[in-house]
Amino acid sequence: QVQLVESGGGLVQTGGSLRLSCAASGRTFSNWIMAWFRQAPGKEREFVALISWNGDVYADSVKGRFTISRDSAKNTAYLQMNSLKPEDTAVYYCATRLGARTTNGPDYNNWGQGTQVTVSS
């Protein structure tokens, strides 16, 4: 079993930046797919980004603004978010899985508790 703990959320103005962290423990981390999802109030959870051994994938809405990375030595993944917009406001979740990369949330079997990101206009 993998435990995931997100941190780094907060309140930021439009155009600002935040870096989210996701610390993993419990199992080998380096070969797992690590992804970020988000859920805004009243909306469905949506894919944001993933990192894998064969490349990264980003949602069109964050491409060019967000960067996903990982530090295998620290068992931690990051989401650097720049040029934030009010529509980025959501609870951000990290998730992991083994196997092929996918942007489909139900395919991930390990989830963190989420961290709130609020972007003011």
Q) Counting only the heavy atoms of the protein chains, how much of V2 is accessible to a 1.4 Å probe, in Å² to the nearest 10? A) 20 Å²
Q.
For Cα pairs less than 8 Å apart in space and 6+ apart in sequence, what is the mean separation divided by the residue count of region 1-109, i.e. the relative contact order in percent?
A. 33 percent
Q. Taking the alpha carbon gyration tensor of region 53-121, what are the square roots of 5 times its eigenvalues, largest first, to the nearest whole Å?
A. 22, 14, 13
Q. Quick one: ranking T115, T103 by accessible area, 1.4 Å probe, largest first, what do you get?
A. T103, T115
Q | region 1-61: translational diffusion in µm²/s, Stokes-Einstein, Kirkwood Rh over Cα pairs, 37 °C, 0.692 mPa s | A | 241 µm²/s
Q) Of the heavy-atom accessible surface of the chain (probe 1.4 angstrom), what whole percent is carbon and sulfur? A) 47 percent
Q) How long is the gain from E87 to R27 if the chain were fully straight, where each residue apart is worth 0.36 nm and the alpha carbon distance is subtracted? A) 18.2 nm
Q) Once label points are set 7 Å from the Cα along Cα→Cβ at both Q113 and A73, what is their separation, rounded to one decimal in nm? A) 2.9 nm
Q) Under 28 Å Cα-Cα from K43, which lysines qualify once same-chain neighbours fewer than 8 residues away are excluded? A) K63, K85
Q) Any idea how far the Cα center of region 17-74 sits from the one of region 92-121, in Å? A) 7 Å
Q.
Quick check for you: with a 1.4 Å probe and neighbouring chains kept, what is the accessible area per residue of the chain, in Å²?
A. 50 Å²
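The values are calculated or read from the model by the stated rules, or taken from the named source; none is laboratory data. All values reported here derive from a predicted model rather than from experimental measurement. Note: ideal-geometry Cβ built from the backbone for every residue, glycine included; neighbour counts use all protein chains shown. Ligands, DNA and RNA are excluded from the accessible area calculation, which covers all protein heavy atoms including side chains. Shrake-Rupley method; radii C 1.70, N 1.55, O 1.52, S 1.80 Å.
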